[in-house]
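Right, one structure below, let's go through it.
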Amino acid sequence: MHHEVWHFSDYVMLVVSAIFINNILLARFLGNCPFLGTSKRMDTAFSMACAVTFVLGCTGPITWLIEKYLLIPYDLLYLETLAFILTIAVFVQLVEMVIRKISQPLYRALGIYLPLITTNCAVLGTCFLNIKEKFNFIQTIVFSVASAMGFGLALVIMAGIRERFNFARIPKNFQDTSIGLITAGLIGLSFFAFQGLAK
Amino acid sequence: MEGILGATVYPVLVMGGLAAVFAVMLGVASRVFYVEVDPRIKAVEELLPGANCGGCGYAGCADCAAAIVRGEAPVNACVASPPEVYEKIAKLLGKTVEAKEPQVAHIMCRGTKDKAKIRFRYMGIEDCRAAVLVAGGDKECLYGCLGLGTCVKSCPFGALRMGENGIPVVDRDKCTGCGTCVRVCPRGVPKLIPASQKIVTVCNNHDAPPTVKKICEVGCLGCGICKKVCPEKAIEIVNFLSVVDPSKCNLCGKCIEKCPTGAIQQILPG
């Protein structure tokens, strides 16, 4: 499929695949730290999803450009991780500044998890996937944003469930992170049903 | 030559160039999105307890500190701080402290399991907020303590513990009067009272006398005997519940003697 001309339906398939079938969190299990950390409340989860979408929407294409026009011509592929992390760190800084300027309460609610997007493996993972799947520039943009939306969807679903944990009788040993991980596994299992969508 | 270029010069140039471009970008952005922060806000925030209890009415200690510095809140806005902290904040901002009587929480219910009647056996989630959702709670009294300890669990200062009789007890040394318990209790059983108040009607029931008589042995009937015997006119009956005005009360103890159910209690030694 990679070398042919892509039609609209191919892009739709790419988006559906990134959000449902190969969900970055629930099928690839990348980015679990913010997944468990910011999913206790719906509003924080939603803000985190927006922040990740913005960061990934920017860093995905930029890392692709860096790969294509700097690293490959100069044969520096061994610097890939370093260059990508640098790009991600810079954009996280940028998002932090913008959020701080625009919304102080949101800035405080995201707290430590905002700088942690820097080391969010969902972000770095998507950047690597763009390269590995040999996407062109447009496909990279679409896949990056769709992948981040998949991350956001999983985060919001998780927050919806975890908000109800307050009123659930959870055995003491399973409380908090343990039940969070079990829930994540069960959501992941149910997302496996989407595998049937792909031929 | 080509090998040296590829191994050293290019990597340094590429990474250095990338870093330089990003550095300039961030530098510009930090100017554009610069947020002025008053250094006094940070200083005041450090003086506050940091429990984020919300007793001051702001979203947290940081919010409260900002409001104090802006002058929107008084220097003693934090209900959970001791007076020394107010003085430190006042000194920092060049203001003076206005005296404010400290408050403590008191659980306004004595309806233990043997004294207050139960309508059914509640076997649900151990949380008062969940229990009131089931037919309004298991007690006949619709105003009394449900005894599942939601206030105990949510007290940010650990000042509440569950008494043996199923009614929480306030540790007055630890209680800061932040009012978190008042907010979380679905029935508003904990109430904030002045720390010096000695005589209190320990009941929260607003039902008429015959109803209270049927459902609780120790509830305030709202009969008004205390009001009649009080020589200082310090007691009012508000909606079938007696309320003691501590500024008028002289601790004569007549109301305590005459109260038919013992709802009026002396909570501190005279």
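The residues of the stretch A:133-199 have, on average, 58 Å² of accessible surface per residue, using a 1.4 Å probe with all protein chains present.
Distance from the Cα centroid of the stretch B:60-92 to that of the stretch A:39-83 is 42 Å (rounded to whole angstrom).
Just the number, please: Stokes-Einstein D of chain A in µm²/s, Kirkwood Rh from C-alpha pairs, 20 °C, 1.002 mPa s. Each step should come with its number before you reach the end.
Working: Rh = 17.6 Å.
The calculation lands on 122 µm²/s.
Computed extension gain for A:Y74 through A:K40, at 0.36 nm per residue and net of the alpha carbon distance, reaches 7.7 nm. Between the helical axis of A:42-66 and the longest alpha-carbon principal axis of chain A there is an angle of about 10 degrees.
In the distance distribution for the stretch B:101-195, Cα-Cα pairs more than 17 Å apart total 46 percent.
Legend: distances between Cα atoms for B:K117/B:K233; B:K115/B:K198; B:K88/B:K174; B:K153/B:K227; B:K88/B:K248; pairs beyond 31 Å are B:K117/B:K233; B:K153/B:K227; B:K88/B:K248. Taking amide H atoms as placed 1.01 Å from N in the peptide plane, the amide H of B:A195 lies under 5 Å from those of B:Q103, B:V104, each 5 or more residues away in sequence or on another chain.
For the pair A:F192 and A:L65, what calculated FRET efficiency results from E = 1/(1 + (r/R0)^6), where r is the Cβ-Cβ distance and R0 = 56 Å, to the nearest 0.05?
Numbers: r = 34 Å, r/R0 = 0.61.
Efficiency, rounded to the nearest 0.05: 0.95.
Restricting the GluC sites (Glu not before Pro) of the stretch B:19-90 to loop positions (DSSP other than H, G, I, E, B) with no more than 12 neighbouring Cβ atoms within 10 Å leaves B:E36, B:E72.
Work out, step by step, the length gained on full extension between B:M25 and B:I118: first 0.36 nm times the residue separation, then minus their alpha carbon distance; give nm to one decimal. Mind showing how you got there, number by number?
On the way: separation 93, 0.36 × 93 = 33.48 nm, distance 6.82 nm.
Extra length from B:M25 to B:I118 when fully extended: 26.7 nm.
With helices as the sole contributors, chain B gives -8500 deg cm²/dmol at 222 nm; each DSSP H run of n ≥ 4 counts as -39500 (n - 2.57), and the sum is divided by every residue. Across the stretch A:1-132, Cα pairs under 8 Å and at least six residues apart give a relative contact order of 32 percent.
Note on the stretch A:172-199 and the stretch B:146-161: Cα centroid distance 33 Å, given to the nearest whole angstrom. Since only A:Y69, B:V182, B:H206 are under comparison, the one whose Cα sits farthest along the positive direction of the charge dipole of the protein assembly as shown, derived from C-beta charges on Lys, Arg, Asp and Glu, is B:H206.
Rounded, prolate or oblate, given the Cα gyration tensor of the stretch B:39-93, with a/c below 1.5 counting as rounded? It comes out rounded by the Cα gyration axes. Annotation for the stretch A:117-147 versus the stretch B:12-59: alpha-carbon center distance of 28 Å.
Projected area of the stretch B:197-270, taken from the Cα convex hull and averaged over every viewing direction, in nm²? Mind showing how you got there, number by number?
Numbers: hull surface 17.2 nm².
For the Cα atoms of the stretch B:197-270, the hull's average projected area reads 4.3 nm².
With the simple spin-label model, which puts each label point 7 Å out from Cα in the Cβ direction, the B:K228 to B:K174 separation comes to 4.4 nm. Let's test the formula: R0 of 25 Å, r as the Cβ-Cβ distance of B:S196 and B:V238. What FRET efficiency results, to the nearest 0.05? That gives a FRET efficiency of 0.75.
Could you tell me which helices of chain B pass both thresholds, a Cα extent of 18 Å or more along their own axis and a mean Kyte-Doolittle hydropathy of at least -0.5, with helices taken as whole DSSP H runs?
Numbers: long enough: B:10-32 (33 Å, 1.78).
Span-like helices here: B:10-32.
Across all directions, the shadow cast by the convex hull of the protein assembly as shown built on its C-alpha atoms averages 31.3 square nanometres.
Above 19 angstrom, tally the Cα pairs of the stretch B:43-144 and express them as a % of all pairs, no decimals. Can you show the working numbers first?
Numbers: 2916 of 5151 pairs.
Summing the P(r) of the stretch B:43-144 above 19 Å gives 57 percent of all pairs.
So, taking all protein chains as they sit and a 1.4 Å probe, how much accessible area belongs to A:S17, in Å² rounded to tens? Around 30 Å² of this residue is reachable by solvent.
Cα gyration tensor of chain B, axes a ≥ b ≥ c as square roots of the eigenvalues: rounded (a/c below 1.5), prolate (a/b > b/c) or oblate?
On the way: a/c = 4.18, a/b = 2.14, b/c = 1.95.
Taking the square roots of the gyration eigenvalues as a ≥ b ≥ c, chain B is prolate.
Sequentially through the stretch A:178-189, phi angles give Karplus couplings (6.51, -1.76, 1.60; θ = phi - 60°) of 4, 5, x, 5, 4, 4, 4, x, 5, 5, x, 4 Hz, Gly and Pro residues having no value and appearing as x.
Find, among the GluC sites (Glu not before Pro) in the stretch B:109-182, those assigned to loop by DSSP (not H, G, I, E, B) with at most 11 other beta-carbon atoms within 10 angstrom. Show your work: numbers first, answer last.
On the way: sites: B:E126, B:E140, B:E164; in loops: B:E126, B:E140, B:E164.
Loop-located and lightly packed - B:E164.
I need the trypsin sites (Lys or Arg not before Pro) found in the stretch B:73-141, filtered to DSSP loop residues with at most 10 other beta carbons within 10 Å of theirs. Passing both the DSSP loop test and the Cβ count: B:R121.
The values are calculated or read from the model by the stated rules, or taken from the named source; none is laboratory data. Not measured: the values here are computed from a predicted model. Backbone-built Cβ (ideal geometry, glycine too); neighbour counts: all protein chains shown. To get the accessible areas, we keep the full protein, side chains included, count just its heavy atoms, and leave off ligands, DNA and RNA. Shrake-Rupley method; radii C 1.70, N 1.55, O 1.52, S 1.80 Å.
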